[in-house]
Amino acid sequence: MTTQTHCSIGTPGQPWGSAEKAIWLSQQTRKRSYETDVLGAIDRLRDRFDVVEYGRLEYGPETFALFAIRSRDWNDALPTALVTGGVHGYETSGVHGALRFVDRHLADYAGRVNVLVAPCVSPWAYERIHRWNALAIDPNRSFREHSPAPESAALMRLVAPLRERVLVHVDLHETTDSDESEFRPALAARDGKAFEPGSIPDGFYLVDDSEHPQPEFQQAIIAAVAKVTHIAPADAKGEIIGSRVTSPGVIEYALKKLGLCAGITNAAYKTTTEVYPDSPRATPEQCNAAQVASVCAALAYVLAPR
Ligand SMILES: [Zn+2]
């Protein structure tokens, strides 16, 4: 599906040092504006929702203020839902899906659940359309104590008081062709490892928590998204990107052990969405709609009486 490539920075077999990381950084260019696309959209939500600045990233001369949006009628007696987008800045529909959910749906949950939305966790990478932050670190392997990624550390500080109170967390991602053509080769080069080609699944899938799987919850989301875009089939080995498919469109990772965003709370219900924007069968509009459908289905499931 994608052509094998390699990353030309550094010496094969040797992990990058600061010189190689500096070369990599010098090759990254700003391609779009966090201020225009994200902060502009957040400003338009301020009359209806509470907006909190939860941190600032300083990269050279650049500063990025980090924002989260909260239900205006926050009530500690209600359950809490967490939605995160743009942990990988290049995964566009995660950011715009989160913002669209707030704009079109968040008000519907007033009085039923508190919702906290961090729509663009990694804004430097949003602008560069990259997976890593400016330190060549993947924030989504860095949700751990003493995190080396300031994006991850800031989100963990925001969420820490709610860790035991969050009932459901939906972390919005994409799996793209550039994962295989650009980001996995760069990862192998950075770590001094050989690049082993894989394949990118065509369609939407979810990642559950292998330590606390919730298959019924995941299937409720899959059923809702299937009305918007196609679900990734398992490959010939019964896998999606190298992990066993546990139910249609669902794989599992050990979220906390891997330092993944979806593991930052002790929520009973956690999922990571993986939208596939490079499919000939999916438009950007469908990708945003699939993210919104995921969040709405997750909330509907946890709020349903049972
Ligand atoms: Zn991602």
Would you work out the charge dipole size for region 202-306 about its Cα centre, treating the Cβ of every Lys and Arg as +1 and the Cβ of every Asp and Glu as -1, and quote it to the nearest 20 debye?
200
By the Cα gyration tensor axes a ≥ b ≥ c (a/c under 1.5 gives rounded; else a/b larger than b/c gives prolate, otherwise oblate), the shape of region 256-306 is oblate
Helix runs (DSSP H) in the chain reaching 20 Å along axis by Cα, Kyte-Doolittle at least 0.0:
284-303
For region 223-272, what is the Kirkwood hydrodynamic radius in Å, using each pair of distinct C-alpha atoms?
12.4
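How large is Rg over Rh for region 115-160, taking Rg from the Cα atoms and Rh as the Kirkwood inverse mean of 1/r across Cα pairs?
Numbers: Rg = 10.4 Å, Rh = 10.9 Å.
Ratio of gyration radius to Kirkwood radius for region 115-160: 0.96.
Quick one: pull the percent of accessible area on the chain belonging to carbon and sulfur, 1.4 Å probe, ligands and nucleic acids left out.
Details: 6840 of 13190 Å².
Exposed carbon and sulfur together represent 52 percent of the surface.
Working from the pairwise distances between different alpha carbons, so that the mean of 1/r is found and then inverted, what is region 187-306's Kirkwood radius in Å? Walk me through the numbers before you get to the answer.
Details: mean 1/r = 0.0657 Å⁻¹.
Value: 15.2 Å, from the Cα pair sum.
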Per the rule of 0.36 nm per residue minus the C-alpha distance, extending Arg112 to Glu164 adds in nm 16.9 nm
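Give me Rg over Rh for the chain, both radii from the alpha carbons and Rh done the Kirkwood way, two decimal places. Before the final figure, lay out each step's value.
Numbers: Rg = 18.5 Å, Rh = 19.5 Å.
Radius of gyration over Kirkwood radius for the chain works out to 0.95.
Treating only the Cβ of Lys, Arg, Asp and Glu as charged (+1, +1, -1, -1), what charge dipole size does region 1-67 show about its Cα centre? Round to the nearest 20 debye.
On the way: 8 positive and 9 negative charges, 42 e Å.
With Lys and Arg at +1 and Asp and Glu at -1, about 200 debye.
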Unit charges at the beta carbon, dipole of region 89-218: most positive-side option, Gln214, Ala107, Ser199
Ala107
Projected onto the charge dipole of the chain (+1 at Lys/Arg Cβ, -1 at Asp/Glu Cβ, origin at the Cα centre), which of His173, Ala300, Ala125 gives the Cα projection farthest towards the positive end?
Ala300
Pairs Lys21/Lys193; Lys31/Lys193; Lys227/Lys257: which are spaced more than 25 Å apart, C-alpha to C-alpha?
Lys31/Lys193; Lys227/Lys257
How big is region 118-243 by the Kirkwood estimate over distinct Cα pairs, in Å?
16.9
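Length gain on complete extension for the stretch Arg104 to Arg46, per 0.36 nm per residue less the alpha carbon to alpha carbon distance?
Values: separation 58, 0.36 × 58 = 20.88 nm, distance 1.37 nm.
Full extension from Arg104 to Arg46 adds 19.5 nm.
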How large is the helix-only mean residue ellipticity at 222 nm for the chain, computed as the sum of -39500 (n - 2.57) over DSSP H runs with n ≥ 4, divided by its residue count, in deg cm²/dmol to the nearest 500?
-8000 deg cm²/dmol
Please express the Cα-Cα pair-distance distribution P(r) of region 1-80 as a list of whole percents, one per 5 Å bin, running from 0 to the bin with the greatest distance.
3, 10, 13, 14, 12, 11, 11, 10, 8, 6, 2, 0
Excluding same-chain residues fewer than 8 positions from Lys256, which aspartates and glutamates have a Cα within less than 12 Å of its Cα?
Glu145, Asp208, Asp209, Glu211
From the Cα centre of region 90-116 to that of region 190-266, the distance in Å is 22
Can you tell me the Rg and Dmax of region 26-173, counting just the alpha carbons, in angstroms?
14.8, 49
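Work out how much length Glu285 to Arg56 would gain on full extension: take 0.36 nm times their residue separation and subtract the Cα-Cα distance, in nm to one decimal.
79.4 nm
On average, how much accessible surface per residue is there in region 264-306, in Å², for a 1.4 Å probe, leaving out ligands, DNA and RNA? Could you put the intermediate results ahead of the total?
Numbers: 1600 Å² over 43 residues.
That works out to 37 Å² for each residue.
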Hey, could you pull the Cα Rg and Dmax for region 165-231, both in Å?
15.5, 42
In percent, how large is the relative contact order of the chain, given Cα pairs closer than 8 Å and 6 or more residues apart?
22
Charges at C-beta only: +1 for Lys and Arg, -1 for Asp and Glu. How large is the resulting dipole of the chain about its Cα centre, in Debye rounded to 20?
380
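How many Å² of accessible area per residue for region 53-209, probe 1.4 Å? Walk me through the intermediate numbers first.
Details: 5420 Å² over 157 residues.
Per residue, region 53-209 has an accessible area of 35 Å².
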Determine one quarter of the surface area of the Cα convex hull of region 18-64, which equals its mean projected area, and express it in nm² to one decimal.
4.4
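The values are calculated or read from the model by the stated rules, or taken from the named source; none is laboratory data. Worth saying up front: this structure is predicted, and the values here are computed from it rather than measured. Every residue, glycine among them, receives a Cβ derived from its backbone with ideal geometry; neighbour counts consider all protein chains shown. Calculation scope for accessible area: heavy atoms of the full protein, side chains included, ligands and nucleic acids excluded. Shrake-Rupley method; radii C 1.70, N 1.55, O 1.52, S 1.80 Å.
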